[in-house]
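Nothing in this text is a laboratory measurement; each read-out follows from the coordinates by a stated rule. None of the values given here were measured: they were computed from a predicted structure. Note that each Cβ is placed from the backbone with ideal geometry, even for glycine, and that neighbours are counted across all protein chains shown.
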Amino acid sequence: DKGGWPSFMAKEVSEEPEAVANTLRGRIHDGVVSIPELDGLDDLFRGIDRIIVIACGTAAYAGMVGKYALEQWTRLPVDVELAHEFRYRDPVIGPSTLVVSISQSGETMDTLMAVKFAREAGAKTLSICNTQGATIPRESDAIVYTHAGPEVAVASTKAFVAQITALYLLALHVGRLRGAVSASAVEELARELEAVPSKITWILENDRARIEEFAAWMADTRSVLFLGRHVGYPIALEGALKLKEITYIHAEGFAAGELKHGPIALIEPGQPVFVIVPSPRASALLHAKVVSNIQEIRARGARVIAVAEEGDAAVLPFADEVLRIPLAGPLFEPLLAVVPLHIFAMGLAGAKGLDVDQPRNLAKSVTVE
Ligand code: BG6
């Protein structure tokens, strides 16, 4: 049931606020984060010295975002790896390694095989999954379910924000347990997390129609680039993936700092480039570096579409279009910045008359290797 929306994807994007809220439910009490499913596993989390996150596609980008929070709040080293790459080398893992898998369906064969491989190598395994009782959680030592609700459209949207939410909860749970983050910090971060759903709602209510219109206007575009830095980098990758998946337009995401090491050669007059701009309040330095990237590409004729926080005036002179997101702490921006990109991809696919729910050549759940 599409609930009155033209597609499941449109419905699922509209459910992004609930996907976050439902994933938080029952896991934050008066500023204390505790995940009931992880009761009894304190020794497991105290005994690890390293985390490896494995996943495919959009779930892997959620993992890349989660790395920043996991490292900051647990002080454990974190690597993120594509599941299908992980098991075909000789990774250094053992009983003190926690392998966190992320999968909406819980059935992705590449991810499942990597989890089994990790287990056989003696690592601890934790599954972040959106499907109760799926194979991957059944094969894991611990489970943190995302509560995004069933996701029908092939391109993942609401599951992505729910996966980041679950990773943040996990990071706070483990970080607190290991004494790596203070109770007062957790309280403040929990409050930030709880504020995310209404901020996503703000974007959907205030900007959805405008972004869709803008996307329709770009329907003849042949190639779109996405740039981001820090947590904005995986968001750039996700923006590009979503666009290629459902519009078949060539799209690539880059780390903004990498621009001068190659991708800037692609910039020619009229090339549309989305730039995820970090908050100037969080890091004036990072913000200045991204604004200077914008100036560099703008000077070469790029058409700049900035995804920037409310009130960031520094981008205005150089951006052809600004997609606004509400103010949030630096680690919470990805949960907001991705929303305009999901709307954009969907709007553009709609304008091209494509079936956004069933893109060509793709399956919702890939159960072969
Ligand atoms: C792909 C889907 O094949 O699998 C993507 O098209 C998804 O949308 C990826 O991100 C991983 O799927 P899952 O179920 O393991 O999260």
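Points to keep in mind about this one:
- Within the chain, percent of DSSP bridges classed antiparallel, to nearest 5: 5
- Taking label positions 7 Å along the Cα-Cβ direction at both residue 30 and residue 46, the computed distance is 2.4 nm, reported to one decimal.
- Gaussian network model of the chain, springs between alpha carbon atoms under 10 Å - residue of 332, 344, 45 with greatest fluctuation: 45
- Cα pair count fraction exceeding 23 Å, expressed as % - segment 254-369: 40
- Cα gyration tensor, segment 1-70 - rounded (a/c under 1.5), prolate or oblate: oblate
- Per-peptide packing, taken as the mean over residues of other Cβ atoms within 10 Å, places 146-159, 121-134 in the sequence 146-159, 121-134 from highest down.
- FRET efficiency for residue 184 and residue 141, using Cβ-Cβ distance with R0 set to 45 Å, rounded to 0.05: 0.90
- Cα-centre dipole for segment 255-369 with unit charges at Cβ (Lys and Arg positive, Asp and Glu negative), debye to 20: 160
- Helical segments meeting 15 Å axial Cα length and Kyte-Doolittle 0.5 threshold in the chain (DSSP H): 158-177, 333-351
- Nearest-0.05 FRET efficiency for residue 222 and residue 192, computed from C-beta distance (R0 51 Å): 0.85
- Sorted by Cβ density within 10 Å, fewest first, the residues 226, 8: 8, 226
- 3J(HN,Hα) along segment 362-369: 10, 10, 5, 9, 9, 9, 10, 7 Hz, from the Karplus curve 6.51 cos²θ - 1.76 cosθ + 1.60 with θ = phi - 60°, whole Hz, x for Gly and Pro.
- Extent along principal axes [Cα atoms of segment 9-125; Å; largest to smallest]: 42, 34, 23
- Maximal additional length on extending the residue 120-residue 250 stretch stands at 42.9 nm, based on 0.36 nm per residue less the C-alpha distance.
- Long-range amide H partners of residue 81 with built H, under 5 Å: 53, 54, 55
- Helix content alone sets the calculated 222 nm mean residue ellipticity of the chain: runs of n ≥ 4 DSSP H residues at -39500 (n - 2.57) each, divided across all residues, give -14500 deg cm²/dmol.
- The distance between label points at residue 82 and residue 213 comes to 3.9 nm (points 7 Å beyond Cα on the Cα→Cβ vector).
- Highest to lowest packing among 79-86, 271-278, 313-320, scored as the average C-beta count within 10 Å: 271-278, 79-86, 313-320
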